[in-house]
1. Would the range 65-75 turn up any residue that is in a helix (DSSP H, G or I), touching a helix residue (DSSP H, G or I) at 6+ places or on another chain (Cβ under 7 Å), within 22 Å of PHE265 (Cβ to Cβ) and small (Gly, Ala, Ser)?
2. Report the residue count in the range 261-277 for those that are of a type outside the set (A, V, I, L, M), crowded, with 17+ Cβ neighbours inside 10 Å and either touching a Leu at 6+ places or on another chain (Cβ under 8 Å) or part of a strand (DSSP E or B) (or both).
3. Test ALA333 against the criterion of being touching a residue at least 60 places away in the same chain (Cβ under 8 Å), of a type in the set (A, V, I, L, M), closer than 25 Å to PRO106 by Cα and part of a strand (DSSP E or B), and give yes or no.
4. Among THR320, THR349, THR252, THR286, which is among the hydroxyl-bearing types (Ser, Thr, Tyr), crowded, with 18+ Cβ neighbours inside 10 Å and modelled with pLDDT of 95 or more?
5. Determine, yes or no, whether ASP256 is touching a His at 6+ places or on another chain (Cβ under 9 Å) and of a type in the set (Asp, Glu).
6. Across the range 552-580, what is the number of residues that are surrounded by fewer than 18 Cβ atoms within 10 Å (Cβ to Cβ) and over 21 Å from LEU660 (Cα atoms)?
7. Only one of these conditions is not met by VAL597: (1) out of contact with any Asp or Glu (no Cβ under 7 Å at 6 or more places or on another chain); (2) part of a strand (DSSP E or B); (3) of a type outside the set (D, E, K, R). Which number is it?
8. Does VAL409 count as in contact (Cβ under 8 Å) with a residue 60 or more places away in the chain and either in a helix (DSSP H, G or I) or in contact with a Pro (Cβ under 7 Å, 6 or more places away or on another chain) (or both)?
Amino acid sequence: MKNAVLLSLAATLALASEPVTIQKITVEADAPKTEGKNVVADEMVKFSRQSDLGEMLSNTLPEVTMVRNSGVGNDIILRGFRKDNLNITIDDAKVCGACPNRMDPPSMHVSSSQIKSVEVQEGPFDVTKFGSLGGKINVVTKDPQKGVHGEVSATLGSFDYRKLSTTLEAGNDTVQAQVGFSRETSGQYKDGNGRTLTEQTDFLIGNLPANFSSLTSTQQTNLMKLQGQKFATANKNMSAYDRNNYWAKIITKIGDNQKLTLSYFGDRADNVLYPRYPMDAQVDDTDMFKAKYQFFNLSSFSDELKIEGYHSKVKHVMGTDFRASAATMVMVAPVDATIQGALVENTMTISGAKVAVGVDTSLRNWDGTKGPKANPAQNIMLPDVDTKNIALYAKGVKTIGKYEISSGVRYDDSTINPNQGLAAVDPLAINKTFLNAMKDRSYNDVSANLLAKYNYTPNTNVFIGAGQSIRVPDAKELYWVASGNSNLNETKNREIDMGAEHTAGNLHVKGTVFYSDLKDYIYAYQTSTTTSSWANIDATIAGLDLHGDYLLGNEWRIESGAAYQKGMKKDPSQLGATQTNKNLAEIPPLKGRAALVFDDSSYYAMAEWIAASSQTIDANNGEKEIAGYALLNLKYGAELGKGFSLSTGINNFFNRTYALNNAYVGNQLIGTNGTNPLVLNEPGRNFYATLSYKF
């Protein structure tokens, strides 16, 4: 059993010397204690310079990659599912980014210093949260402990990366409290060619052609607009971002069977450069509050009753202040995103089965109408939209001999309501027409799943799961002015997963295959050389992943893993007669990871190889050919004694020039709509070192 734990796939990583467990939750049922969660790793320690959740997961699990937006705020792709097709939560509470271009995805709004573990659940097998179409990623934050404890850590790295983090906690048997703060700044990283973020933008756009004066007025206007999207000379060397995080948590035990948990997280990110987009973020402020009250062993029909409520708000202000166009006109686009949610769930044991029933509800508001008061004539691009959901769900798990069976069902009632009075205040005639045509939408859906695992021997099991999940369209897809489609249906994912796991001595292997049939998949596509929209199509995503780990002794081990997925449109003509490419956009290529690790609790060293093949692309909708890559990362850590520890590393040791993300008309990128879109390269060779002190 010890070997099975040590050799489990995926890994943990420790940022600023603090362990962060990545738990991959697969489809097989598990013991009631973990409520279906298969904790696949809790002993393998890694660390990283970055505090970006997308980068952490992309460097750890082959099934995960990311969309590179900037030095921070990178979006997650899991098995080819991204954006609202994934549920990303913090302590099971939602936070929604405000930027329509996902400059600030939900994965951005948490500090690595407060993370205890990250649960990655693949497939449509979560019924507790609204919209878990292709999977769920939940960040579990640290709880305060009894006694008085603290930690201070400082990180220095290439490209003027700086991070200082401190945490203090204290408590007794009744009350435990924790407060924390981190400050993080970074200059612009350089890719393997030595280009900074702003230089990558300038290189793509280039200079005006020699025949500029002979071009048509429309061609000249478009080229001058692109030139205006370059960074102004005075801003070419500015920092990539500046960020402060604050957090607090209090846990109170009330009597023998009650517990109250209150938590707060604040994120203040300023002047974040986004070289792929026409705008940057001057302000990105997040506030998140959560309360959870738990009752234990109330009766024979209630092992645990929990009541949760949360509120999060993101204020995102985009603008062209740092661009060349600001010399003649500055554009500012403030957008707010707010979500409140509540859940009541009762867990009980019935005839040996662990059963939970609950009510889940949320209200999401996305408001892009708060233009600057100094410019009341600014046109509205994203209306003020409410998305309301209320759901009933039930789930259960039971062990019958060598079988472990679990199932879940959820009923959702959702309504989406845009503000219908906006046409009167928008100055553009085309927008007035679109805003007047907006309509309310309502959706009623059932999600369900059935999972089974057969323990053939104590060291071998096979598992299979089938499920259906849904997600409704978001406000941008429905109501983005002049290109939204308010007739979109909800997407249904009907998926089957199966696999096997085996431990033989020091070897542990596990493989999973999946097939996802997507009905009315919401897809962005190019309607002309200058416009795009969204439509429902039928599609499939299929893939597999294989992980194997081998202990070479008490201190040495080999970790390995690989994943592949293929996304296909069933009929590209659903997007129009000119659409012929059957590849889905944003589907990651074959990716593998192998690492040699030494760990004796006092010293840690790792040589890690990460490689990927070239990517299949949807050339009809903006994607470009991207070459494969192979990287070597080196890491070293040591416990120095008296509470001090050191972690260091070199990423991209051979200084490769490569890219992870692609261009796609689902994002408003520089150079899209008929011209060459920007694919942002990853950082070149970079170094980091973190010194920590705990007491």
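1. Looking only at the range 65-75, we keep the residues that are in a helix (DSSP H, G or I), and these are none.
So far as the range 65-75 goes, no, none of its residues is in a helix (DSSP H, G or I), touching a helix residue (DSSP H, G or I) at 6+ places or on another chain (Cβ under 7 Å), within 22 Å of PHE265 (Cβ to Cβ) and small (Gly, Ala, Ser).
2. Qualifying residue count for the region: 9.
3. It is false that ALA333 is touching a residue at least 60 places away in the same chain (Cβ under 8 Å), of a type in the set (A, V, I, L, M), closer than 25 Å to PRO106 by Cα and part of a strand (DSSP E or B).
4. Testing whether each residue is among the hydroxyl-bearing types (Ser, Thr, Tyr), crowded, with 18+ Cβ neighbours inside 10 Å and modelled with pLDDT of 95 or more leaves just THR286.
5. Details: touching a His at 6+ places or on another chain (Cβ under 9 Å): no; of a type in the set (Asp, Glu): yes.
No.
6. Matching residues across the range 552-580 total 14.
7. (1)
8. no
The values are calculated or read from the model by the stated rules, or taken from the named source; none is laboratory data. This one's a predicted model, so the numbers in the text were calculated from it and none came from an experiment. Glycine gets a Cβ as well: all are built from the backbone with ideal geometry, and neighbour counts include every protein chain shown.
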